[in-house]
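This report refers to the structure that appears directly beneath it.
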Amino acid sequence: MRTLQDLEVLSGKRVLVRVDFNVPLDGQGNVADDMRIRETLPTLHELMRRGARLVLVSHLGRPRGREPEYSLAPVAERLSALLDKKVKLAPGVVGEAVTNLVDELRPGELLLLENVRFEAGETKNDPELAARLAALADVYVNDAFGVCHRTHVSTVGVARLLPHAAGLLVQREVETLREITENPPRPLVAILGGSKVSEKIKVIERFLRIADAVLIGGAMSFPFLAAQGHGVGISLCSDDDAELAAGLLAMPEAKAGQLLLPVDLVAAESFSADTAPVGIDGLDVPDGMMGLDIGPRTVARYAACIAEAGSVFWNGPMGAFELVPFAAGTRGVADAMAAAPGITVVGGGDSAAAVHQFGLAARMTHVSTGGGAALELIEGRQLPGIEVLS
Ligand code: ADP
Ligand code: MG
């Protein structure tokens, strides 16, 4: 993969930077969480330092055409504040007015294009849009890891038409996630939770093969427990997932004891913060109740594994952490990772959100900015947006 270091002289060059500014808005025209904007600042600063003229391109949400509520205007404002420098917002993605604004850019200045998904060709990787976007720049840099698993104009089409490189964030994401799967300090411990086995089956399989221990939590536990004959009550657990879980339990690595399931649970009558949590010192969820968190003995057991690991990868919350009474399991795993001496990597939208919510992000080796992209990389798949940069 080509990186910023591989790019020759950038001074005065127009550099098109694919960033991931797909941030949550507060409904009043403000950015509600600017984490994704801040993550890409090192790349922007580096390109500015080298005298590039920056043209930034991002999507925001899933607009159907030019819907004003999906404008990147709030992002341009927040980015200007973060850089302490005016970032202009273009009136569109391509076209004469945009070209004129790009021509006016001086070295170190930035222009943010409007939401690239205002153009229908973006998600179809339309060659004509790719050519028009490429005409705005001399060099292409991709720093939007969260969309690298998509074959879109702004991730793949335009990258083929210009000299290209990965930005610092994409470089760090790929290097860290590859290290975990290819050359991890051992023992390697994977903690997998969240909602559905079927969505993550390939990730569980891969980790069962390469990790020294796979710890299961969250709603993902119930298909395994059901496959073992435990009662799961009304916990999230489809028959299909239980069948997949039975297949995983039959793998030699699982039989050798590398797959750890919870040993206790916290249940309640409904998915709500108002219901009374009931500790279950065992694995049978009573009829009419749902398991919503792992119990304290499970947390202690998982924390001990994490403390001894050379590297830890975590995806998926251990319970319904959005509800305060069921956040302890997720919090316990996050605390153990924050205190762990080994490499700690968090990948997944909700798990990353949990770590940020607990204020522990800075204590992890790496918190991935790409949920789906991180998992596809972990599965061993080639990401089209990364492949095109090599
Ligand atoms: P990630 O985004 O980190 O990959 P997922 O999207 O797979 O994670 O799962 C996150 C969701 O799973 C959260 O909304 C959480 O509430 C839910 N969840 C976790 N455990 C349970 C459970 N026991 N019952 C119901 N929902 C759960
Ligand atoms: Mg999620």
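Go through segment 297-350 and count every residue that is in a helix (DSSP H, G or I) and not small (Gly, Ala, Ser).
17
Of all residues in segment 340-349, count the ones that are within 16 Å of ligand 2 (Cβ to nearest atom) and modelled with pLDDT of 95 or more.
1
Does Val324 qualify as being open to solvent by less than 50 Å² (accessible area, probe 1.4 Å) and either touching a helix residue (DSSP H, G or I) at 6+ places or on another chain (Cβ under 7 Å) or in the same structural domain as Gly257 (by TED's automatic domain parsing) (or both)?
Judged against the criteria, Val324 is not a match.
Has segment 351-361 got any residue that is farther than 23 Å from Gly295 by Cα, in a strand (DSSP E or B) and open to solvent by 10 Å² or more (accessible area, probe 1.4 Å)?
Checking segment 351-361: not a single residue is farther than 23 Å from Gly295 by Cα, in a strand (DSSP E or B) and open to solvent by 10 Å² or more (accessible area, probe 1.4 Å).
Can Ile343 be described as in contact with a His (Cβ under 9 Å, 6 or more places away or on another chain) and open to solvent by 30 Å² or more (accessible area, probe 1.4 Å)?
Judged against the criteria, Ile343 is a match.
Taking only segment 97-114 into account, find how many residues are more than 20 Å from Arg50 (Cα to Cα) and among the charged types (D, E, K, R).
Number of matching residues: 1.
Could you tell me which of the residues Met318, Met364, Met290, Met337 is closer than 30 Å to Thr155 by Cα, outside the structural domain of Val19 (by TED's automatic domain parsing) and modelled with pLDDT of 95 or more?
Result of the check over Met318, Met364, Met290, Met337: Met364.
Would you check if Ala374 is more than 10 Å from ligand 1 (Cβ to nearest atom) and closer than 22 Å to Val19 by Cβ?
Judged against the criteria, Ala374 is not a match.
Taking the stated definitions as given, is Asp335 open to solvent by 10 Å² or more (accessible area, probe 1.4 Å), among the charged types (D, E, K, R) and within 23 Å of Phe145 (Cα to Cα)?
Considered against the rule, which asks whether it is open to solvent by 10 Å² or more (accessible area, probe 1.4 Å), among the charged types (D, E, K, R) and within 23 Å of Phe145 (Cα to Cα), Asp335 comes out as no.
Does Ala338 satisfy the condition of being more than 16 Å from ligand 1 (Cβ to nearest atom), touching a helix residue (DSSP H, G or I) at 6+ places or on another chain (Cβ under 9 Å) and not β-branched (Val, Ile, Thr)?
It is true that Ala338 is more than 16 Å from ligand 1 (Cβ to nearest atom), touching a helix residue (DSSP H, G or I) at 6+ places or on another chain (Cβ under 9 Å) and not β-branched (Val, Ile, Thr).
Taking only pairs six or more apart or across chains, which ones have beta-carbon atoms under 8 Å, a first residue in segment 342-357 that is in the same structural domain as Ala32 (by TED's automatic domain parsing), and a second residue that is within 13 Å of ligand 2 (Cβ to nearest atom) and part of a loop (DSSP other than H, G, I, E, B)?
none
May I ask you to list pairs of residues, at least six apart or on different chains, whose Cβ atoms are under 7 Å apart, with the first in segment 371-385 being under 18 Å from Val355 (Cα atoms) and within 14 Å of ligand 2 (Cβ to nearest atom) and the second being at pLDDT below 95 and open to solvent by 30 Å² or more (accessible area, probe 1.4 Å)?
Gly371/Gly349
Does at least one position in segment 87-99 carry a residue that is among the polar types (S, T, N, Q) and open to solvent by less than 40 Å² (accessible area, probe 1.4 Å)?
no
Tell me which residues, restricted to segment 8-24, are open to solvent by less than 60 Å² (accessible area, probe 1.4 Å), under 23 Å from Gly146 (Cα atoms) and either without any contact (Cβ under 8 Å) to a residue 60 or more places away in the chain or in a loop (DSSP other than H, G, I, E, B) (or both).
The answer is Val19, Asp20, Phe21, Asn22, Val23.
For segment 36-82, how many residues are open to solvent by 20 Å² or more (accessible area, probe 1.4 Å) and among the hydrophobic types (A, V, I, L, M, F, W, C)?
Going through segment 36-82 one residue at a time, the tally reaches 5.
Give, as residue ranges, the helices (runs of 4 or more DSSP H) completely inside segment 178-289 that count at least 3 residues that are among the aliphatic types (A, V, I, L, M), open to solvent by 40 Å² or more (accessible area, probe 1.4 Å) and within 16 Å of ligand 1 (Cβ to nearest atom).
Answer list for segment 178-289: none.
Here is a list of conditions, (1) within 18 Å of Leu10 (Cβ to Cβ); (2) under 28 Å from the mean Cα position of the chain (by Cα); (3) not hydroxyl-bearing (Ser, Thr, Tyr), and Pro107 meets all of them except one; can you say which number that is?
Only one criterion in (1) within 18 Å of Leu10 (Cβ to Cβ); (2) under 28 Å from the mean Cα position of the chain (by Cα); (3) not hydroxyl-bearing (Ser, Thr, Tyr) is unmet by Pro107, namely (2).
Looking only at segment 166-177, how many residues end up being farther than 18 Å from Gly342 by Cα and surrounded by fewer than 23 Cβ atoms within 10 Å (Cβ to Cβ)?
3
The values are calculated or read from the model by the stated rules, or taken from the named source; none is laboratory data. Just so you know, these numbers come straight off a predicted model, no measurement behind them. Every residue, glycine among them, receives a Cβ derived from its backbone with ideal geometry; neighbour counts consider all protein chains shown. The protein model used for the area step is the full one, side chains on, heavy atoms only, and it has no ligands, DNA or RNA in it. Shrake-Rupley method; radii C 1.70, N 1.55, O 1.52, S 1.80 Å.
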